[in-house]
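*Asks:* Below is a structure I'd like to ask you about.
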Amino acid sequence: MNRIRLNDVTLRDIFQNTDLCSVDIHKLDQVLENYSQIGFDTVEVLGGSTFEKMLENCFYKSPFQICAYIKKMAPELKLQAQIGGKNLVGVDLYPQDLINKFIDQSIASGIEVFKIYDALNDFKDIEYTAEKVIEAGASFQGILIYEHSRDHRYYQDKIMQLTSMGCSSICIKDVESTLLPSTTAKLFEKITSLTDIPILLSSYNLRGLQVLNYYKACANGGGGVDLSFLPSSYQDYSPTIFAFLLSLKDSSISFNLNWTKALQAFEIVKKNIYPFLIQDFFFDTSSLFESNQSLLPKWLISSVVRQLKEIGEMENINRVIKEIITIKGELGNPTLATPMGQIIASQAILNTLISEKRWEIASDEIKKYLAGYYGKPPRDIKLEASILNSIKDDKYWELPSENLYKQCREELKNITDKPEHILSYCFFPEKTIAFLNKKQPLPPAQTEQAKQHLDKLSLKKLREITDLVETSNIGNINFEVDGVKISINKQSAAAPPSSPEPRKPDYQENLIEVKSPIVGTFYSSPSPQAEPFVKEGQAVSKGDTLCIVEAMKLMNKITAELDGVIDKIMIENEQPVEFGQIIMLIKKEI
């Protein structure tokens, strides 16, 4: 008899798909009561956009503290986290020292199993993280993201790679819901004979095929599945957990689960969580029934919906979704797993709602992808040559400095010294500051000021910025929205008439000017009560944050372009600055 593993993702889904300020600690306690008696083999608490969403909770616990709290309330649960090999829980790629600290902090917070993936299925990019997990005594489950155009030999090769890396189990993850039951049966028949390591399947119910796919996988040697008490489709309130388990009745497939306790837990979840589910994803569903059409994961739809609501453009959700699929094809068909899902979705919003024409503006992350920063595209790029030439940037994109954690700790030194907060700040600085301000309230005037600094960008403001570039002598503006960096460049601008080179100020030759890249307000620290990023006489390294210039609610971090010492700060805190105005002078090392 084939005994399968059941991994519960309900807790992850709660934090990812609900209004977290409505789910208070009392409701969470009720969900956790007797949860460990259900009998799930593992319980996933981090994955997708969960870490970022956890920072929005209203019971004042960091993501790591939430994991530790769940472990304390239900110590028998074997907690699991799904992370990227180099991007961990964020959009960027992170250095090894930060990976080390993240794994150590996660284990200290109760995580015992790490599901590790790479959005491009490039396993070189998960090797270090997997080694660290194994060295730390935790379990490593390798994730292979399903791509419907690959044949079984591709999956056989990838599974052997994961096996050689020391994984204790493997998960085939159908991120875009393209698996069909007949395909699932053939795939698992081919791959489960390769190894004694359990091979699990994880999918959504976006086409209503989750039960059939899960059954076919397990009937052909599959080792387990992901299940939730929350629905994983766009507009359905019915989870598939009980339908799937009933489908195994009188079969040769067994599982360890207390049916009565599972039903009790479901009733508690339905009572305490269902009223606060985010279920407003209404758009054209005709593509759901095209067998070869990729679908957006539910967490990505949530992210897109949130962004469109913030800029008042929800009526354009169909356009944005279609553009996401179009861009995916143009970029060599990368999977929509993190971070590629966020990167492509942000570019789709730029292409459809911000720019006058497609690809007029390209995010820095798109440029990084085209330059190979995230790995080799899985297939040939299909962008038109003229578009590719206009946006491709072959400059060397370096990973964040190995001093990133140290730098973030320094920026937060007068706010917090807790490692879990510093790590959160490394991934999501603005949301972490907002979380810490909520946890440690400021005086009313400063609280309002901090709130204004973190306000979201409106579509109108972004268009104003675009117009500013086009109608002024500014050639380029760089800014960041939801972790995605955007550069607006003047298009097809006529060359300005030649004029004499202005005389430089009479500074010492080894003094480098740091200028404002935009009209805005100068901020010397990350929040009103924090210490300045830098002071006169302070040594800085290339990449260190020097200050923030805020423009139209956009927070632009200004970083050092070389090693040196801060010679003079030319602007007072919270004072306006002009484009090109000198902010500070750095004495470069000789």
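*Asks:* In this model, which of LYS216/LYS298; LYS27/LYS557; LYS158/LYS418; LYS115/LYS376; LYS271/LYS309 are farther than 32 Å apart at the alpha-carbon?
*Replies:* Check vs 32 Å cut-off fails for LYS27/LYS557; LYS158/LYS418.
*Asks:* Counting only C-alpha contacts under 8 Å and six or more residues apart, can you give the relative contact order of the range 156-246 as a whole percent?
*Replies:* The normalised contact order for the range 156-246 reaches 27 percent.
*Asks:* With the full set of protein chains in place, find how many percent of the accessible area of the range 264-407 is carbon and sulfur; take the probe as 1.4 Å.
*Replies:* 49
*Asks:* A further question follows. Given the C-alpha centroids of the range 516-550 and the range 222-241, what is the distance between them in whole angstrom?
*Replies:* If you average the Cα positions of each part, the centres end up 46 Å apart.
*Asks:* Which whole-number percent gives the relative contact order of the range 1-86, counting Cα pairs below 8 Å spaced six or more residues apart?
*Replies:* Relative contact order comes out at 39 percent.
*Asks:* Suppose R0 equals 30 Å. What FRET efficiency, 1/(1 + (r/R0)^6) with r the Cβ-Cβ distance, do ILE582 and ASP393 give to the nearest 0.05?
*Replies:* 0.65
*Asks:* So what is the relative contact order of the range 60-218, in percent, for Cα pairs below 8 Å that sit 6 or more residues apart?
*Replies:* Once normalised by length, the contact order is 18 percent.
*Asks:* Over the range 1-79, give the accessible area per residue in Å² for a 1.4 Å probe, as an integer.
*Replies:* In whole numbers, the range 1-79 has 33 Å² accessible per residue.
*Asks:* Antiparallel as a % of all DSSP beta bridges within the range 30-154, to the nearest 5?
*Replies:* 5
*Asks:* Can you pull the percent of the range 175-252's accessible area that's carbon plus sulfur, 1.4 Å probe, other chains left in place?
*Replies:* Ligands and nucleic acids excluded, carbon and sulfur reach 51 percent.
*Asks:* Also: Using protein chains only and a probe of 1.4 angstrom, how many square angstrom of ILE433 are accessible, to the nearest 10?
*Replies:* The value for ILE433 is about 10 Å².
*Asks:* What nm distance separates the two modelled labels at LYS271 and ASP97, each placed 7 Å from Cα along Cα→Cβ?
*Replies:* About 5.0 nm, to one decimal.
*Asks:* Any idea how far apart LYS309 and ARG153 come out in nm if each label point goes 7 Å out from Cα toward Cβ?
*Replies:* 4.8
*Asks:* Taking only protein heavy atoms into account and a 1.4 Å probe, give the accessible area per residue of the range 337-397 in Å².
*Replies:* I get 43 Å² per residue for this part.
*Asks:* Expected output is a single nm value to one decimal: the length gained when fully extending between LEU246 and GLN293, i.e. 0.36 nm times separation in residues minus the C-alpha distance. What is it?
*Replies:* Going from the current span to full extension adds 14.0 nm.
*Asks:* Give the accessible surface of the range 128-274 per residue, rounded to a whole number of Å², with probe radius 1.4 Å and ligands, DNA and RNA excluded.
*Replies:* Spelled out: the 1.4 Å probe surface of the range 128-274, per residue, equals 40 Å².
The values are calculated or read from the model by the stated rules, or taken from the named source; none is laboratory data. Note that the coordinates shown come from a computational prediction; the quantities given were computed from them, not determined experimentally. Every residue, glycine as well, gets a Cβ built from its backbone with ideal geometry; the counts of neighbours run over all protein chains shown. Areas reflect the complete protein model, heavy atoms only, side chains present, ligands, DNA and RNA absent. Shrake-Rupley method; radii C 1.70, N 1.55, O 1.52, S 1.80 Å.
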